[in-house]
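Report on the following structure.
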Amino acid sequence: MKVGFIGLGHMGIGMAANLLRAGHEVTVYNRTPGKAQGLVAQGARAAAGLADACRGDAVVTMLADDGAVEGAVFGEQGVIGSLGKGAIHVSMSTISVALSERLSAAHANAGQRFVAAPVFGRPEMAAAAKLFIVAAGAPDAIDACLPLFEAMGQKTFPIGDQPKAANLVKLSGNFLSASVIEALGEALALVGKAGVDRRRYLDLLTSTLFTAPLYKTYGELIAEEKFEPAGFAAPLGHKDIRLTLAAAETLRVPMPFAAVLHDRFLTLLAHGGETLDWSAIGQLAAKDAGQEGR
Ligand SMILES: NC(=O)c1ccc[n+]([C@@H]2O[C@H](COP(=O)([O-])OP(=O)(O)OC[C@H]3O[C@@H](n4cnc5c(N)ncnc54)[C@H](OP(=O)(O)O)[C@@H]3O)[C@@H](O)[C@H]2O)c1
């Protein structure tokens, strides 16, 4: 397919490379232009501007947050004004349910199609084309995007014809992941302070009842205190819990754990955690227990 790709951050750079590898004709755009160079060397075309990335069958956005997506879509030379009739905007960022609704309406008004396709998986999985993609939108639009999803992910889960459903599912998943990180941090602080070997403790857990990749990946990052370089930065994790709570408020769903996690992220950010991986909230319990630097 002829596809534009906007947003070459930790995730986007690997995803765009995989589209190229699969033979798609890819035009890339990034606010900081230097990040496009490696992809151009692999055969991508560098867009002259945002609008130039919107001339194909589809344009993918993989930007940081609501503000960045709003700017790229509704701003000058943006996606809404530049994408052809019938062409598809595939929004793969983790954004709010409210913005997804707004995008659905705006694209429909402009005669364009809109698919929300947020992803599960960290940058290593993006680079290896192993993402899990949650897709929602009109069935014909999802079908048209399948060659793109197959190039970027290991499995696509269509979740309905309302794009906002995919965004809610993604946010709920990140709420669960953050809950696991916090719980792991508390458990490791408890046994660690008592002198139990944290590595052996983790081996026990992850080879018995807690075999999910999430426990292994995050347990290791917390036990090794390996929070830099960030694969998924703490401010983005904070954003996801904030958006989960916003969706919960709209739907009148109390989520007391999410409120605790929101505070955990604020604590982390208030103590200089801006550049750390979001799993650094898993270190707060040890600090609270007087195990500074553990
Ligand atoms: N990292 C993960 O493990 C992971 C996993 C699943 C989903 N996600 C989601 O995927 C999205 C991208 O994540 P990421 O880790 O790739 O983020 P990232 O490395 O911080 O990259 C963010 C991208 O957005 C651009 N951007 C940020 N603010 C902008 C603005 N105001 N205007 C224009 N462009 C702007 C950045 O451009 P510059 O290069 O110019 O800064 C960059 O291309 C996020 O929604 C995140 O929640 C991430």
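The values are calculated or read from the model by the stated rules, or taken from the named source; none is laboratory data. Predicted model, so just to flag it, every value in this text is computed and none were measured. Every residue, glycine among them, receives a Cβ derived from its backbone with ideal geometry; neighbour counts consider all protein chains shown. Protein only, heavy atoms only, side chains kept; ligands, DNA and RNA dropped before computing areas. Shrake-Rupley method; radii C 1.70, N 1.55, O 1.52, S 1.80 Å.
Would it be correct to say that Ile222 is more than 15 Å from the ligand (Cβ to nearest atom) and either of a type in the set (Phe, Trp, Tyr) or open to solvent by less than 30 Å² (accessible area, probe 1.4 Å) (or both)?
yes
With (1) more than 15 Å from the ligand (Cβ to nearest atom); (2) out of contact with any helix residue (DSSP H, G or I) (no Cβ under 9 Å at 6 or more places or on another chain); (3) hydrophobic (A, V, I, L, M, F, W, C); (4) in contact (Cβ under 8 Å) with a residue 24 or more places away in the chain as the list, and Leu146 as the residue in question, which single condition is left unmet?
Every listed condition holds for Leu146 apart from (4).
Under the condition of being under 20 Å from Asp288 (Cβ atoms) and in contact (Cβ under 8 Å) with a residue 40 or more places away in the chain, which residue from the range 240-264 is surrounded by the most Cβ atoms within 10 Å (Cβ to Cβ)?
Within the range 240-264, the match that is surrounded by the most Cβ atoms within 10 Å (Cβ to Cβ) is Ile241.
Pick from Glu220, Glu186: which is farther than 27 Å from Ser93 by Cα, assigned to a helix (DSSP H, G or I) and not hydrophobic (A, V, I, L, M, F, W, C)?
Criteria check complete, one pass: Glu186.
Please tell me if Gly231 is more than 19 Å from Leu171 (Cβ to Cβ), open to solvent by less than 30 Å² (accessible area, probe 1.4 Å) and among the small types (Gly, Ala, Ser).
Considered against the rule, which asks whether it is more than 19 Å from Leu171 (Cβ to Cβ), open to solvent by less than 30 Å² (accessible area, probe 1.4 Å) and among the small types (Gly, Ala, Ser), Gly231 comes out as no.
Can you give me the number of residues within the range 76-100 that are open to solvent by 10 Å² or more (accessible area, probe 1.4 Å) and either closer than 26 Å to Leu245 by Cα or more than 24 Å from the chain's Cα centre (by Cα) (or both)?
Looking only at that region, the number is 11.
Enumerate the helices (runs of 4 or more DSSP H) found wholly within the range 1-74, keeping only those where 1 or more residues are within 9 Å of the ligand (Cβ to nearest atom) and not polar (S, T, N, Q).
12-21, 66-74
Search the range 204-217 for residues being open to solvent by 80 Å² or more (accessible area, probe 1.4 Å) and assigned to a helix (DSSP H, G or I), and hand back the single one that is farthest from Ala289 (Cα to Cα).
Pro213
So the check is Cβ under 9 Å with 6+ separation or different chains; which pairs have a first residue in the range 93-106 that's farther than 24 Å from Ala233 by Cβ and a second one that's acidic (Asp, Glu) and within 12 Å of the ligand (Cβ to nearest atom)?
Hits for this filter: Arg102/Glu70.
Of the residues that make up the range 274-283, is at least one under 25 Å from Val97 (Cβ atoms) and among the hydrophobic types (A, V, I, L, M, F, W, C)?
Looking through the range 274-283, at least one residue is under 25 Å from Val97 (Cβ atoms) and among the hydrophobic types (A, V, I, L, M, F, W, C).
Quickly run through the range 101-141 and pick out the residues that are surrounded by fewer than 24 Cβ atoms within 10 Å (Cβ to Cβ) and either hydroxyl-bearing (Ser, Thr, Tyr) or part of a loop (DSSP other than H, G, I, E, B) (or both).
Those that are surrounded by fewer than 24 Cβ atoms within 10 Å (Cβ to Cβ) and either hydroxyl-bearing (Ser, Thr, Tyr) or part of a loop (DSSP other than H, G, I, E, B) (or both): Ser104, Ala110, Gly111, Gln112, Gly121, Arg122, Ala128, Ala129, Lys130, Ala138.
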